[in-house]
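Here is the structure we will look at, set down as structure tokens.
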Amino acid sequence: MLRTRRILSLEGLEVADIACRHRRGKGLPEKAPRHGVCFVRRGCFVRRSENGEALLDPSTVFFVNPGDEQRYDHPHSGGDDCTAFFLDPELLASLWGGDPVLPTEPLHISSRLDLEHRLLLTEADKRGASVDEIGERSILLIAQVLENSDPLRPQSGRPMTGSPQRALIDDARESLAADPSQSLPELARSLAVSPHHLSRLFRAATGHTLSRHRTRLRVSAALERLADGEQNLARLAADLDFADHSHLCRVVRSETGTTPSSLRDALRVPGGLRGG
């Protein structure tokens, strides 16, 4: 009756495709296990909780908090499909003004937000999709939903401008240069800012996302290794945190227009000497 497919699992965040095939009628009482921001993709149902009842359809996003007493009733047969973004309390607090409690009322969303959520799902299902890229887009999407729910809720303190903003971006780049494997939540926590605030400032300053910057650092490291004479592409992929040899080839070709094997020959210096 209920099928859950995990789409993404990242520190503090999980994205799941939830398909319900409940018959028409009342559901069973249950307790919500964790914080969730839920998009309805198809169907219509009624969520009854201690905060009242709400009719939910694809024009709405609804929120659940751990321990919520709830029941899902279905006025029609045919079931429904939802996308759930589950957050741990720390990540939620960083997006929601320090408060790890989601709103109790559902939100009517724009078609633009609905489309962004569906495009994210499509991208996540592609072979070789970047977990970091999907995670960053998910965090930005959740932040937009929460801002629409309460535009006055503080997100990350006073906005940065000028030198403080540049210093933050430089700190982020310096940290990623030392360890490109850091996730967006990890990096934001180390810099004491919210993840979506850091993501937005970084893109505004550099013209690309943090996940794209991380990918470029890994590709640069791959080029350096190839220039140094690395022959084993499977080992290179493992060392640089690519999923496998094929993933390395796809990413390097996407970024440079050339395969690693071709670059290995093109970057090789006669005699194996580089530098002075």
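The values are calculated or read from the model by the stated rules, or taken from the named source; none is laboratory data. Treat the numbers as computed from the prediction; the structure is a model and nothing was measured. Note that we place each Cβ from the backbone using ideal geometry, even for glycine, and neighbour counts take in every protein chain shown. Ligands, DNA and RNA are stripped out before the accessible areas are found, and what is left, the full protein with its side chains, is counted by its heavy atoms. Shrake-Rupley method; radii C 1.70, N 1.55, O 1.52, S 1.80 Å.
Per-structure values
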quantity	calculated
Per residue accessible area in Å² of the chain, where ligands, DNA and RNA are left out and the probe is 1.4 Å	52 Å²
Gain in span if fully extended, residue 125 to residue 101, counting 0.36 nm per residue against the direct Cα distance	5.6 nm
Farthest toward positive dipole pole in the chain [+1 Lys/Arg, -1 Asp/Glu at C-beta], among 52, 62, 237	237
In Hz, Karplus ³J(HN,Hα) per residue of the stretch 78-86 (6.51, -1.76, 1.60; θ = phi - 60°; x = Gly, Pro)	x, x, 7, 10, 9, 10, 10, 9, 9
Length gained when the stretch residue 115-residue 186 is fully extended (0.36 nm per residue, less Cα-Cα span)	22.8 nm
Angle in degrees between helix 162-178 and the longest Cα principal axis of the chain, rounded to the nearest 10	70 degrees
Cβ-derived FRET efficiency at R0 51 Å, residue 5 paired with residue 227, nearest 0.05	0.75
Stretchable slack from residue 171 to residue 26, in nm (0.36 nm times residue separation minus alpha-carbon distance)	46.9 nm
Angle in degrees between helix 195-206 and the longest Cα principal axis of the chain, rounded to the nearest 10	40 degrees
Cα centroid separation, the stretch 175-217 to the stretch 1-67 (Å)	30 Å
Computed [θ] at 222 nm, helices only, for the chain once each DSSP H run of length n ≥ 4 contributes -39500 (n - 2.57)	-13500 deg cm²/dmol
Calculated from backbone phi, Karplus (6.51, -1.76, 1.60) coupling profile of the stretch 88-100 in Hz, x at Gly/Pro	7, x, 5, 5, 4, 4, 5, 8, 10, x, x, 10, x
Cα gyration tensor shape of the stretch 131-248, rounded if a/c is under 1.5, else prolate or oblate by comparing a/b with b/c	prolate
Cα gyration tensor shape for the stretch 1-101, rounded if a/c is under 1.5, else prolate or oblate	prolate
Residue 247/residue 220 FRET efficiency (R0 22 Å; Cβ-Cβ; nearest 0.05)	0.85
Per-residue HN-Hα couplings for the stretch 219-227 [Karplus 6.51, -1.76, 1.60; θ = phi - 60°; Hz; x = Gly/Pro]	5, 4, 5, 5, 4, 5, 5, 5, 5
